[in-house]
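The values are calculated or read from the model by the stated rules, or taken from the named source; none is laboratory data. As the structure is a computational prediction, the values presented were derived from the model and not from experiment. Here Cβ is always computed from backbone atoms with ideal geometry, including for glycine, and neighbour counts include all displayed protein chains. These accessible areas exclude ligands, DNA and RNA; they are computed on the full protein's heavy atoms, side chains included. Shrake-Rupley method; radii C 1.70, N 1.55, O 1.52, S 1.80 Å.
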Amino acid sequence: MRANFPVRLGPAEDALIAQLKAAGADSTAERITVAGLPTRRVESYHYTDLKTLLRAIPPVANAANEASAPALRIPGAFNLMIANGAIQNAATAPAGVIVGKADGGVLTTRDDVLVHINGALAKEALTLTLENSVDPVIQVERRIEGEAAHVADALKVFVADDASATIVETFSGSDAAHVGNHATYLSVGRNAVVTHITIDLSARAVSHFATNEYQLADGARLRTLVIHAGAGLARTHVFPRMAGAGAHADLTGLNLVADGQHADITMETLHAVPHTSSQPLFKSIVRGRAKAIVQGKLVVARDAQKTDAKFMHQGLMLSDEAEILSKPELEIYADDVVCGHGSTCGMIDEDSLFYLMSRGIPKSEAETMLVRGFIAELFDPIDDEELNEALQTIVDSWLMVGK
Amino acid sequence: MTTPVLEIRNLHARIEEREILKGVNLIIPPGEVHAIMGRNGSGKSTLSYVLAGKEDYEITEGEVLLNGENILEMEPDERAAAGLFLAFQYPIEIPGVATMTFLKAALNAQRKARGEAELSTPDFMRAVKEAGAQLNIDNDMLKRPLNVGFSGGEKKRAEIMQMALLKPSLAVLDETDSGLDIDALQVVSKGVNALRDGQRSMLVITHYQRLLNHIVPDVVHVFSDGRIVESGDKDLALKLEAQGYASYGGEAA
Ligand SMILES: Nc1ncnc2c1ncn2[C@@H]1O[C@H](COP(=O)(O)OP(=O)(O)O)[C@@H](O)[C@H]1O
Ligand SMILES: [Mg+2]
């Protein structure tokens with residue numbers, strides 16, 4: 001029900017409205033003036049009440065020219081960087097990769113405040129056109145440097161028909177209380193095979209928001225992996241549109257959260273045409289008093305017959321105070337489909353732990369093995385050895401901090 | 001007198017207010033193989049878990065000495081490093097943990113705990129290959145996640161392979177024969193017998209006499225209602241097989 005009196009706006013909303021107006025985004029500013037940031041009463045933000053969680057919006061970022069080392073080293077990768085929203089010069093691109101710039105606003109409009117804000121504030125977009133298969137991993141570093149800043153940036157990728165590529169995005173920067181709002185639009189051509197990994201490695205003080213939108217053509221195969229392993233508050237949107245017959249997406253993600261952190265992966269997959277499939281598989285590992293959320297919505301359009309999709313979220317609680325929340329949703333307008341959802345949640349299995357320890361493996365090492373085992377399903381399909389190794393180090397260092 | 005490998009003195013253990021072990025006494029000298037036979041539910045697996053250090057049990061009385069050292073205060077991994085090995089009646093499947101990764105972690109953790117250097121990868125591979133060959137464990141099995149999708153027999157063979165690799169001073173085999181056909185039983189027994197070296201001791205828990213034709217024990221103990229009620233030589237097993245456990249009292253399982 002809509003209240004018929006104006007909502008009370010907080011300092012975060014005031015700052016945001018001023019920034020939007022300064023950018024000429026009057027309609028977005030107006031929306032926030034009327035409704036405020038979404039609260040738990042807005043269904044898609046029920047578990048991530050932005051009005052409560054987002055206390056301040058820092059000033060819009062000044063351009064930065066950063067040349068610091070990548071937050072995650074992937075040997076042999078081709079590196080690109082966006083620092084404080086500005087696209088940095090890159091080394092010579094591998095054959096078939098065209099690097100360019102375009103205006104910001106890469107996402108399709110939808111009723112979501114973070115999407116609106118990105119569209120209004122992202123000035124420019126890094127564009128990548130992959131004309132053929134690209135061997136080296138393409139790594140896009142997105143950084144927010146210096147004093148606390150509000151940054152909106154954008155990336156647009158086109159992968160040509162029959163091409164294959166692995167794209168990794170990392171989010172990091174200085175320790176200040178930044179708010180990052182990142183957008184990626186990825187179009188996967190006919191029969192193209194793409195792996196897209198986004199990893200939040202920002203500082204604890206950061207609020208990290210990202211929206212990953214995908215468009216899949218006939219026979220396209222996409223694997224995505226979202227990893228939340230940094231910001232105090234993180235929310236990543238995964239919005240694939242299965243738009244070509246035979247398209248398949250493995251949509252995966254991992255929330256790694258500890259004391260005081262809040263991480264949310266919100267997926268909404270649209271199966272728009274017949275004969276497409278998706279396999280959403282998300283995992284959350286929570287330690288201390290912290291919260292991990294995965295929302296997964298499968299939308300099947302009216303004639304999208306033979307859609308095959310199953311959403312799964314598995315949680316591993318490493319403490320009693322941990323909270324792991326799942327919200328699966330099915331919105332199905334076709335009748336000949338196989339769709340489902342499931343979720344499980346548990347602690348480390350005591351019998352498994354005892355078995356490993358009975359062979360001489362000390363408790364903390366045995367726990368690490370079991371946690372790695374829990375995640376294996378997400379990492380095993382990542383064939384690039386150096387990349388796989390790099391992903392393991394993220395988990396290992398997260399576990400190490402907790403010991 | 002040489003120090004026994006295992007000495008259990010008046011061991012009492014309970015789970016959830018229920019006493020399961022009611023005063024177990026047992027001495028196993030170096031190199032001897034002792035069998036424990038008893039009906040289902042008499043507490044045999046409980047004894048094996050208590051020895052290995054499973055948390056669920058409360059020890060209310062008694063002592064367990066491994067090579068003269070009291071182990072009841074030790075964590076399971078410390079007991080393993082001290083020379084104890086339990087072949088589980090029901091080995092646990094652990095998805096996501098590769099068998100080779102597990103074996104290497106176990107072997108090196110024990111070596112580290114004993115102050116020995118870690119094995120190099122080639123030395124480790126050689127050791128695994130050697131242990132595996134005896135028990136018909138091929139590369140294919142080693143590539144799978146730990147015990148996942150192994151048949152009952154494969155699991156038991158994998159347990160004995162782990163034992164061959166870890167070279168404990170005391171091996172407790174809990175119903176290693178259950179679920180094995182005669183061929184598998186022979187492979188497993190051969191693997192076990194190959195590890196009898198005059199020093200290593202074994203406690204072979206079984207329900208059936210059959211296993212003891214293959215792994216011939218020095219002493220047979222009859223276990224009933226949480227304690228050892230009779231001990232004798234290997235012929236005691238034959239007597240049990242013929243007469244059943246009825247004469248030892250306790251509830252039928
Ligand atoms: N976790 C448990 N909780 C309660 N009772 C148990 C538990 N485990 C075993 N018991 C009981 O302890 C007794 C001994 O079991 P067990 O040691 O497995 O016997 P055995 O191996 O000789 O068949 C049985 O009556 C069994 O029901
Ligand atoms: Mg038993």
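Scan B:LEU21, B:LEU26, B:LEU11 and give me the residue that is over 14 Å from the mean Cα position of the chain (by Cα), under 14 Å from B:LEU170 (Cα atoms), away from every other protein chain (no Cβ under 14 Å) and within 16 Å of ligand 1 (Cβ to nearest atom). Walk me through it before giving the result.
On the way: B:LEU21 fails: under 14 Å from B:LEU170 (Cα atoms); B:LEU11 fails: under 14 Å from B:LEU170 (Cα atoms).
Result: B:LEU26 is the single residue among B:LEU21, B:LEU26, B:LEU11 that is over 14 Å from the mean Cα position of the chain (by Cα), under 14 Å from B:LEU170 (Cα atoms), away from every other protein chain (no Cβ under 14 Å) and within 16 Å of ligand 1 (Cβ to nearest atom).
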If I ask for residues that are in contact with a Lys or Arg (Cβ under 8 Å, 6 or more places away or on another chain), within 16 Å of ligand 1 (Cβ to nearest atom) and not in a loop (DSSP other than H, G, I, E, B), which ones from segment B:166-185 would you list? B:ASP174
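Restricting to segment A:183-198, count the residues that are assigned to a strand (DSSP E or B) and surrounded by fewer than 22 Cβ atoms within 10 Å (Cβ to Cβ). Outline the logic, then answer.
From segment A:183-198, those assigned to a strand (DSSP E or B) are A:183-188, A:193-198; that's our starting set.
Applying the additional criterion that residues be surrounded by fewer than 22 Cβ atoms within 10 Å (Cβ to Cβ) yields A:185, A:187, A:193, A:195.
Within segment A:183-198, residues that are assigned to a strand (DSSP E or B) and surrounded by fewer than 22 Cβ atoms within 10 Å (Cβ to Cβ) number 4.
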Identify all residues within segment B:40-88 that are in contact with a strand residue (DSSP E or B) (Cβ under 8 Å, 6 or more places away or on another chain), assigned to a loop (DSSP other than H, G, I, E, B) and either buried (at least 19 other Cβ atoms within 10 Å of the Cβ) or free of Cβ contacts under 8 Å to residues at least 12 places away in the same chain (or both); write none if there are none. B:SER42, B:GLY43, B:ILE71, B:ALA82, B:GLY83, B:PHE88
Exactly one condition in (1) within 16 Å of ligand 1 (Cβ to nearest atom); (2) of a type outside the set (Ser, Thr, Tyr); (3) under 15 Å from the mean Cα position of the chain (by Cα) is false for B:PHE223; which is it? (3)
Scan of segment A:365-392 for residues that are touching a residue at least 24 places away in the same chain (Cβ under 8 Å), over 18 Å from A:GLY315 (Cα atoms) and open to solvent by less than 60 Å² (accessible area, probe 1.4 Å), ordered by number: A:PRO381, A:ILE382, A:ASP384, A:LEU387, A:ALA390, A:LEU391
Restricting the search to segment A:357-386, which residues are facing another protein chain (nearest Cβ under 7 Å) and not in a helix (DSSP H, G or I)? A:SER358, A:ARG359, A:GLY360, A:ILE361, A:PRO362
So A:THR266 fits all but one of (1) surrounded by fewer than 22 Cβ atoms within 10 Å (Cβ to Cβ); (2) in contact (Cβ under 8 Å) with a residue 60 or more places away in the chain; what number is the exception? (1)
Enumeration of residues in segment B:182-206 that are under 14 Å from the mean Cα position of the chain (by Cα) and open to solvent by 50 Å² or more (accessible area, probe 1.4 Å): B:ASN193, B:ARG196
Given the conditions (1) in contact (Cβ under 8 Å) with a residue 40 or more places away in the chain; (2) buried (at least 20 other Cβ atoms within 10 Å of the Cβ); (3) within 14 Å of chain A (Cβ to nearest Cβ), report the number of the one that B:GLU93 does not fulfil. (2)
Tally, over segment A:134-174, of residues that are at positive phi and outside any strand (DSSP E or B): 2
